[in-house]
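Q: Sharing a structure, written as structure tokens. Questions coming.
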Amino acid sequence: MLETATQSIINTDNLKASLTHSHAESNTVNRWSVEQIVALFELPFSDLMYQAQTVHRANFNPNAVQVSTLLSIKTGGCSEDCGYCPQAARYHTEVESEPLMKLDEVIAAAQEAKDNGASRFCMGAAWRGPKQRDLEPVLKMIAEVKAMGLETCATLGMLKEGQAEQLKDAGLDYYNHNLDTAPEFYGEVITTRTYQDRLDTLDRVRSVDINVCSGGIIGMGESRNQRAGLLAQLANMERPPESVPINLLTQVEGTPLHGTEELDPFEFVRTIAAARITMPNSFVRLSAGRQSMSEGIQAMCFLAGANSIFYGEKLLTTANPEASTDKNLFARLGINKA
Ligand code: SAM
Ligand code: DTB
Ligand code: SF4
């Protein structure tokens, strides 16, 4: 039989050995090269799924999926130029700008999310980053949502010195800040902030012991190498993110990425599987894009190791499946909410 580099990593023991090996040697040694991750993508689909499911079962309850609900607490009018985003002021989309929501409105939305069975409530703001006067009301929201017994998450853009500490003191459990794509493709999507800016924000979050939620968007016209490159960035962090959202680009009219060639859905499933294998202890979230995805593909994503979703009929500004549709899907798949 032909023994290729690809075949040699099919073996789970080899995979685990390579992980443990580089861990033990040094934190600075890359655990995963881009080439190794590309080799995962190139496996026959069934082999990749088997590998991912094996790693998943070794680390998680395979039938439990964590559910988070998102709320856009400040919508639109953003100064940045992220080419996928309907909330950037410079693109003409149907999103209408709204000021920061009032505390009682946020609490009401959190209560509804809790009643629907969400365990985490994620508050998103269309900011480049929060100014101090923006942050203060958000700190109150975090404290109140936390007091309701929900885990708290916020995604507010880049953080400056001292802001992560304030979020931690308010009771923030997770901060979401995505790397979005591989370093080499990044400049084609965003020019108003650098990749290093993003890494710096993630360092600030990590340094105050808030859980890191960071992932990216697939289907923006990046190559397979670049999809692998994004995963390598995440997996090779000194501590990989606790939560890794993998978004399928939701194409919105008026944004530069509208009209991008649609990705083969199996390639998206492969990306989930490669994320699972390279980050065995992270929650991998099947994030944006479920509204345009068949239930069959979603089920494959769970099989590939996705164990978290956004739950509730809206993401930030775009549609997500109805909670009742997801309840029905979970029941048919025998999935429990974690
Ligand atoms: N403004 C903050 C920031 O950029 O960090 C927080 C909110 S921003 C909307 C959060 C993330 O949503 C982005 O980093 C991106 O990964 C994701 N996102 C935005 N628009 C998207 C789209 N059309 N399709 C898929 N993901 C999207
Ligand atoms: C993440 O990775 N995906 C979420 C959350 N983090 C903030 C956002 C998806 C946004 C999709 C486009 C919209 O609804 O505006
Ligand atoms: Fe602004 Fe965030 Fe959208 Fe970029 S992704 S334009 S920073 S809201």
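The values are calculated or read from the model by the stated rules, or taken from the named source; none is laboratory data. Source: prediction; values computed, not measured. Neighbour counts are summed over all protein chains in view; Cβ atoms, including those assigned to glycine, are modelled from backbone coordinates with ideal geometry. The area values use the complete protein model at the heavy-atom level, side chains included, leaving out ligands, DNA and RNA. Shrake-Rupley method; radii C 1.70, N 1.55, O 1.52, S 1.80 Å.
Q: What is the ratio of the Cα radius of gyration of region 45-99 to 2.2 N^0.38 Å, with N the residue count, to two decimals?
A: That works out to 1.92 for region 45-99.
Q: So, one more: Would you kindly state how much longer the chain becomes between Glu98 and Thr54 on full extension, computed as 0.36 nm times their sequence separation minus their alpha carbon distance, in nm to one decimal?
A: Additional length available on full extension: 11.3 nm.
Q: Oh, and also: I want to check a number: in the chain, how many lysine pairs have alpha carbons closer than 20 Å, given a sequence separation of 8 or more or different chains?
A: Lysine pair count for the chain: 27.
Q: How large is the accessible surface of Arg224 in square angstrom, using a 1.4 angstrom probe and rounding to the nearest 10?
A: About 70 Å², rounded to the nearest 10.
Q: For region 169-181, just list the computed ³J(HN,Hα) in residue order, Karplus coefficients 6.51, -1.76 and 1.60, θ = phi - 60°, integers in Hz, with x standing in for Gly and Pro.
A: Per residue, the Karplus-derived 3J(HN,Hα) values read 4, 6, x, 6, 8, 9, 10, 9, 8, 8, 6, 6, 7 Hz.
Q: Compute a Gaussian network model of the chain, connecting alpha carbons closer than 10 Å, and tell me which residue from Asn61, Asn176, Asn307 fluctuates the most.
A: Of Asn61, Asn176, Asn307, the most mobile in the Gaussian network model is Asn61.
Q: Which residues' amide hydrogens lie under 5 Å from the amide hydrogen of Leu248, considering only partners 5 or more residues apart or on another chain, with H built in the peptide plane?
A: The answer is Ile218, Ser287, Ala288, Gly289.
Q: Can you tell me what the convex hull of the Cα atoms of region 103-243 projects to on average, as an area in nm²?
A: Value for region 103-243: 8.8 nm².
Q: Using only C-alpha positions, report the orientation-averaged shadow area of the convex hull of region 253-338, nm², one decimal. Before the final figure, lay out the partial values.
A: Details: hull surface 25.2 nm².
Answer in nm², one decimal: 6.3.
Q: What whole number of Å gives the distance from the Cα centroid of region 47-84 to the Cα centroid of region 208-240?
A: For region 208-240 versus region 47-84, the Cα centre distance is 11 Å.
Q: Report, by chain and number, residues whose modeled amide H sits under 5 Å from the one on Val65, excluding near sequence neighbours (fewer than 5 apart, same chain).
A: Amide H neighbours of Val65, under 5 Å, 5+ apart: Asn336, Lys337, Ala338.
Q: What's the Kirkwood radius of the chain in Å, using all Cα pairs?
A: Mean inverse Cα-Cα distance, inverted, gives 20.3 Å.
Q: By how many nm would the segment from Lys160 to Arg224 grow when fully extended, if each residue of separation counts as 0.36 nm and the alpha-carbon distance is taken off?
A: Length difference between fully extended and current span is 19.7 nm.
Q: Something else: What's the Kirkwood radius of region 176-246 in Å, using all Cα pairs?
A: After inverting the pairwise mean of 1/r, the radius is 12.2 Å.
Q: Calculate, in nm to one decimal, what Glu105 and Ala89 gain on full extension: separation in residues at 0.36 nm each, minus their alpha carbon distance. Let's see the in-between values first.
A: Values: separation 16, 0.36 × 16 = 5.76 nm, distance 2.42 nm.
Extra length from Glu105 to Ala89 when fully extended: 3.3 nm.
Q: To continue, here is another question. Could you list which residues have their amide H under 5 Å from that of Asn320, counting only those 5 or more apart in sequence or on another chain, with H placed in the peptide plane?
A: Lys314, Leu315
Q: Could I ask something else about it? Expressed in nm², what is the orientationally averaged projection area of the convex hull enclosing the Cα positions of region 282-326?
A: Orientation-averaged projected area of the Cα hull: 3.0 nm².
Q: How large is ³J(HN,Hα), in whole Hz, for each residue of region 272-281 in order, when computed from phi with the Karplus curve 6.51 cos²θ - 1.76 cosθ + 1.60 and θ = phi - 60°, using x for Gly and Pro?
A: 4, 4, 5, 5, 4, 5, 7, 10, x, 9
Q: So which residue, out of His177, His56, His92, gets the largest mean-square fluctuation from a GNM of the chain using Cα contacts under 10 Å as springs?
A: His92
Q: Here's something else I'd like to know. Any chance you could look up the accessible area of Leu103 with a 1.4 Å probe, heavy atoms only, rounded to 10 Å²?
A: Answer for Leu103: close to 60 Å² accessible.
Q: May I pose another question? Cysteines of the chain lacking any other cysteine beta carbon under 4.7 Å?
A: So far as the 4.7 Å Cβ criterion goes, Cys78, Cys213, Cys301 stand without a partner in the chain.
Q: Here's something else I'd like to know. Nearest 5 is fine: what % of DSSP beta bridges in the chain come out antiparallel, could you say?
A: 5 percent
Q: Once the Cα atoms of region 167-297 are picked out, what are the Rg and Dmax in Å?
A: Rg then Dmax for region 167-297, in Å: 14.7, 44.
Q: Working with all protein chains in place, sort Lys102, Lys74, Lys337 by solvent-accessible area computed with a 1.4 Å probe, largest first.
A: My answer, sorted largest first, is Lys102, Lys337, Lys74.
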